[in-house]
Ligand SMILES: [Zn+2]
């Protein structure tokens with residue numbers, strides 16, 4: 001009996017050291033931070049020309065209905081969302097075929113100075129990104145709280161095609177940015193999207209990385225599983241790695 005009890009204790013201690021479970025072995029929210037932009041028509045920016053966001057109540061208890069029941073109308077690329085290969089690649093995978101392997105795992109947040117708008121190869125190589133499986137850029141958009149401000153800002157920081165090429169060639173499986181697009185506003189061609197999505201690398205756009213300073217994290221970012229479409233809103237959470 002004593003040996004069994006000690007064995008259980010040892011097991012519990014190992015789990016605690018692993019840092020991802022409580023002493024009882026149960027999952028917990030401890031340490032996880034939310035990097036999702038809240039969907040709110042009063043606060044969420046919408047890409048110029050994209051669909052308006054509308055949230056209505058079909059039934060409303062405040063108006064005497066026996067329940068609350070909502071209807072949502074919004075673009076697939078609203079708030080924090082994922083672009084699947086189908087967005088810019090003919091016959092590319094839709095959002096419901098993006099593998100979970102890409103969406104769950106180690107990620108590195110790279111802090112880009114507020115003065116930088118173009119994350120090109122030269123800018124990328126100023127940072128320690130090589131070997132990272134997932135790379136998330138925390139830019140002026142987070143510094144300025146732009147995912148929480150209804151005005152659309154054209155001068156958001158973007159990933160230039162030469163940096164996208166380096167990331168794709170470097171074995172990165174997921175790329176993330178903190179505004180509604182990874183592409184330069186008004187770019188003559190969607191080269192960044194084509195390069196990443198063409199290699200099967202989904203792009204997380206519209207992260208709110210204010211609570212996640214530069215460093216290594218675990219990330220979980222799960223889009224709504226909509227059949228046969230090119231993108232979907234997602235919930236994204238992260239936890240600092242030791
Ligand atoms: Zn998108």
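Read-outs throughout are calculated quantities, based only on the coordinates presented, and are distinct from any laboratory measurement. Note that the structure is predicted; figures quoted are calculated from it, not measured. Virtual Cβ from ideal backbone geometry, glycine too; neighbours counted across all protein chains shown.
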Give me the Debye-computed log₁₀ of I(q)/I(0) at q = 0.23, 0.27 Å⁻¹ for segment 80-159, equal point scatterers on Cα only, no solvent, two decimals.
-1.18, -1.20
Using the C-alpha atoms of the chain, what convex hull volume per residue, in cubic angstrom, is computed?
170
As an exercise, use a Förster radius of 25 Å and the Cβ-Cβ distance of residue 235 and residue 30 to find the FRET efficiency, rounded to the nearest 0.05.
0.90
Additional length obtainable on full extension of the chain from residue 69 to residue 90, 0.36 nm per residue less Cα span
3.8 nm
Cα point-scatterer Debye curve for segment 192-242, base-10 log of I(q)/I(0) at q = 0.20, 0.26 Å⁻¹
-0.87, -1.12
Report the relative contact order of the chain, percent, no decimals, based on alpha-carbon pairs under 8 angstrom and at least 6 residues apart.
28
Using Cα-Cα distances under 8 Å and only pairs 6 or more residues apart, what relative contact order does segment 171-242 have, in percent?
28
Residue 169/residue 144 FRET efficiency (R0 30 Å; Cβ-Cβ; nearest 0.05)
0.45
Mean-square fluctuation maximum in Gaussian network of the chain, Cα pairs under 10 Å, restricted to 40, 56, 148, hits 56
Scoring segment 95-187 by relative contact order with C-alpha pairs under 8 Å, at least six apart, yields a percentage of 35
GNM on the chain, Cα springs under 10 Å; top mean-square fluctuation among 132, 227, 214 goes to 227
Please compute the Kirkwood hydrodynamic radius of segment 132-242 from all pairs of different C-alpha atoms, in Å with one decimal.
14.6
Restricting to Cα atoms and excluding each atom paired with itself, what does the Kirkwood estimate give for segment 49-189 in Å?
17.3
Cα pair count fraction exceeding 24 Å, expressed as % - segment 26-129
55
Between 102, 138, 154, where does the largest GNM mean-square fluctuation fall for the chain, given springs only between Cα atoms within less than 10 Å?
154
Counting DSSP beta bridges with both partners in segment 85-242, what percentage is antiparallel, nearest 5?
55
At a 10 Å Cβ-Cβ cut-off, how would you order 87, 153, 81, fewest neighbours first?
153, 87, 81
